[in-house]
Amino acid sequence: MENGLLVLGIESSCDETGLALVRADGQAVPRLLAHALHSQVEMHQAFGGVVPELASRDHIRRVLPLTEQVLRAAQCELAMVDVIAYTRGPGLAGALLVGAGVACAIGAAMAKPVLGVHHLEGHLLSPFLSQDPPSFPFVALLVSGGHTQLMRVDGVGIYQLLGETIDDAAGEAFDKSAKLMGLGYPGGAALSRLAQTGDPTAFKLPRPLLHSGNLDFSFAGLKTAVMVQARRMVVSHAGAGARDDPAAFGRLPTSQQADLAASTEAAIVDVLVRKSLSALQQSGLQRLVVAGGVGANRVLRRQLGEASRQRGLRVYYPEFELCTDNGAMIALAGAMRLQAGCAAANTDYAFDVLPRWPLGFS
Ligand code: KG4
Ligand code: ZN
C-alpha cells in the first residue's frame, strides 16, 4: 500500500468523545496523525457521576465537529480514510450507539468499511503509541473507572485473563472515596493531589485479597473502611450532628484530610503493585504495561518504578494524555487488529454494541 492504511477512530463508551486518525504502514506500529477529545466531566459533575442519557446526547453534539477537527489537524479529507474503527463495547449502551451509529453512517455514505473495537483492547495497546513502546509478550494491568484486570498479552488479539476485581474497580475506589471527602467526580486525580501532603501510614486501611493466593482484586470493603474513618474524624471534630453532613469532611484540618487521602491511595496502590508483581512472577514475564485512567497516578508509577528497578523488570505506560479514554487508542487497536489479520473491517453496516463484553479470549 503506497500511503498505508488510514484509520479513523471513534470512542464514545462513557463520558469522553474521542476522535483520532492513525496511519498503518506495512507491519510497523501505526503512527498517530491527530487526535481530539471532548470531556463531559464538567457536565456530569453537578450530578456526582455520569448521567447516561446526558452522555449520549453530548456525544451526538461533539462527534462530527471533532471528526472535522482531526481531519483538519492531519490535513486529510474524509474521502482519504480507509477504515472507520469505533468502540463497540463495553460501556454505556446509549453512548456506544452514538459512536457506532456515526461510524456506520459515515462508512455507508463514503463506501468505507467499519470495524468495532473492544474499549479495553484500546487501553492495553495504547502504550504502542508512546516514545518507548513495549514488545510482546507482556502482562497488562488495566485500571480504569470501570475495570481492574490483569491480562497476559502474547500478541494482538491473544489475551488471557489472569485476575480481575470481584466488585469495585480501582478507579471506582478512588472515585467513591473522593466523593466521601467532598472532592467531586471523578475524584481520583483530586484525591491524589490532596494525598501529596498527607501521611500514607496515618490510618490502617484494609488491603483486600492481598494474600488470597490468586490475582483477583476487591475494593468495595476499602471504600466502606474509608467511610467509617471519615465519619469518625468528622464526629470527633464537629460532634455527632455532623456525621452525615457531606461538607463536614472538608472542614477538617487540611492535614487530617490529606492523611486519609494518602492512606486511601496507599492501600489501593499497594494492592495493585503487589498483584502486578505476582502476575509477572507467575507468568515468568519481565514486561508490565499499565493502562487506563488510574495509570496516571503518580504514587502507582513511583512504586512500580522502584519495584521494577530492584527486580530488573520494565514498566510501560501510554503517553500521559492517552491514559484516560481517547480516540487514538481505538484507531490504533483497529489498525493493529487489521495488520495482525485477526479482524476484518466490514461493509454491511448492521452494527450492534456490547455494553458488557469480556476481553478474555485468546
Ligand atoms: O480509563 P478511564 O479514563 O475511564 C474508564 O474507562 O473508566 O479512567 C477513569 C478513572 C477514574 O476513576 C479516575 O478517577 C481515575 O481513572 N483517575 C485517577 C487519576 N487520574 C484518573 N485515579 C487515581 N489517580 C489519578 N491521578
Ligand atoms: Zn477507559
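Bear in mind these aren't lab numbers, they're just calculated from the coordinates by the rules spelled out. Bear in mind that the values here come from a model prediction, so they are computed numbers and not experimental data. Glycine also receives a Cβ, built like all others from the backbone with ideal geometry; neighbour counts cover every protein chain displayed.
Taking a ≥ b ≥ c as the square roots of the Cα gyration tensor eigenvalues, with a/c under 1.5 meaning rounded and otherwise prolate when a/b beats b/c, else oblate, which class fits region 215-350?
prolate
Determine the dipole magnitude for the chain: charges of +1 sit on the beta-carbon of Lys and Arg, -1 on that of Asp and Glu, nothing else is charged, the reference point is the Cα centre, and the result goes in debye to the nearest 20.
For the chain, the charge dipole is close to 920 debye.
Using only the Cα atoms of region 129-173, build the gyration tensor, take square roots of its eigenvalues as a ≥ b ≥ c, and label the shape rounded, prolate or oblate: rounded if a/c is under 1.5, else prolate if a/b is larger than b/c, else oblate.
oblate
Just flag the trypsin sites (Lys or Arg not before Pro) in region 179-232 sitting in loop per DSSP whose Cβ has no more than 12 other Cβ atoms within 10 Å.
Sparse-neighbourhood loop trypsin sites (Lys or Arg not before Pro): Lys204.
Using the alpha-carbon atoms, what tilt in degrees (0 to 90, nearest 10) does helix 220-238 show relative to the longest principal axis of the chain?
Orientation of helix 220-238: about 40 degrees from the principal axis.
Where does the chain land at 222 nm, in deg cm²/dmol rounded to the nearest 500, when only DSSP H runs of n ≥ 4 count, each adding -39500 (n - 2.57), divided by all residues?
Calculated from helices alone, the mean residue ellipticity at 222 nm is -13000 deg cm²/dmol.
Within region 279-362, report the trypsin sites (Lys or Arg not before Pro) that DSSP leaves as loop and that have at most 12 other Cβ atoms within 10 Å.
Taking region 279-362 and a limit of 12 other Cβ atoms within 10 Å, the loop trypsin sites (Lys or Arg not before Pro) found are Arg356.
Please list, or write none, the lysines whose alpha carbon is within less than 27 Å of the alpha carbon of Lys204, excluding same-chain residues fewer than 8 places away.
Cα-Cα hits under 27 Å: Lys176, Lys179, Lys223, Lys275.
Using a Gaussian network model of the chain with C-alpha springs under 10 Å, which one of Ala340, Ala328, Ala103 is most mobile by mean-square fluctuation?
Evaluated over the chain, the most mobile residue of the options is Ala340.
Mind telling me which of Ala238, Ala331, Ala93 comes out most flexible in a GNM of the chain, alpha-carbon contacts under 10 Å?
Taking springs between Cα atoms under 10 Å, the residue moving most is Ala238.
Have a look at Leu277, Met329, Ala109 and report the one farthest towards the positive end of the charge dipole of the chain, computed about the Cα centre with Cβ charges (Lys/Arg +1, Asp/Glu -1).
Leu277
Report, in degrees rounded to the nearest 10, the 0 to 90 angle that the Cα long axis of helix 328-340 makes with the longest principal axis of the chain.
50
Roughly how big is region 135-317's charge dipole about its Cα centre, with Cβ charges of +1 (Lys, Arg) and -1 (Asp, Glu), in debye to the nearest 20?
420
Under a GNM of the chain (C-alpha, springs under 10 Å), which listed residue has the highest mean-square fluctuation: Glu306, Glu11, Glu68?
With Cα springs under 10 Å in the chain, the top fluctuation among Glu306, Glu11, Glu68 is at Glu306.
As I understand it, the dipole of the chain uses +1 on the Cβ of Lys and Arg and -1 on the Cβ of Asp and Glu, about the Cα centre. Which of Leu54, Met43, Gly293 lies farthest toward its positive end?
Most positive-ward Cα: Gly293.
How high is the relative contact order of region 135-317? Use alpha-carbon pairs under 8 Å, at least six apart in sequence, and give a whole percent.
Taking the mean separation of contacting Cα pairs over the length of region 135-317, I get 28 percent.
Taking the Cα-to-Cβ direction at Ala105 and at Asp25 and moving 7 Å from each Cα, how far apart do the two end points lie in nm?
Rounded to a tenth, the inter-label distance reads 3.5 nm.
Would you please classify the overall shape of region 33-144 from the alpha carbon gyration tensor, given that a ≥ b ≥ c denote the square roots of the eigenvalues, rounded means a/c under 1.5, and beyond that prolate means a/b larger than b/c while oblate covers the rest?
The shape class here is oblate.
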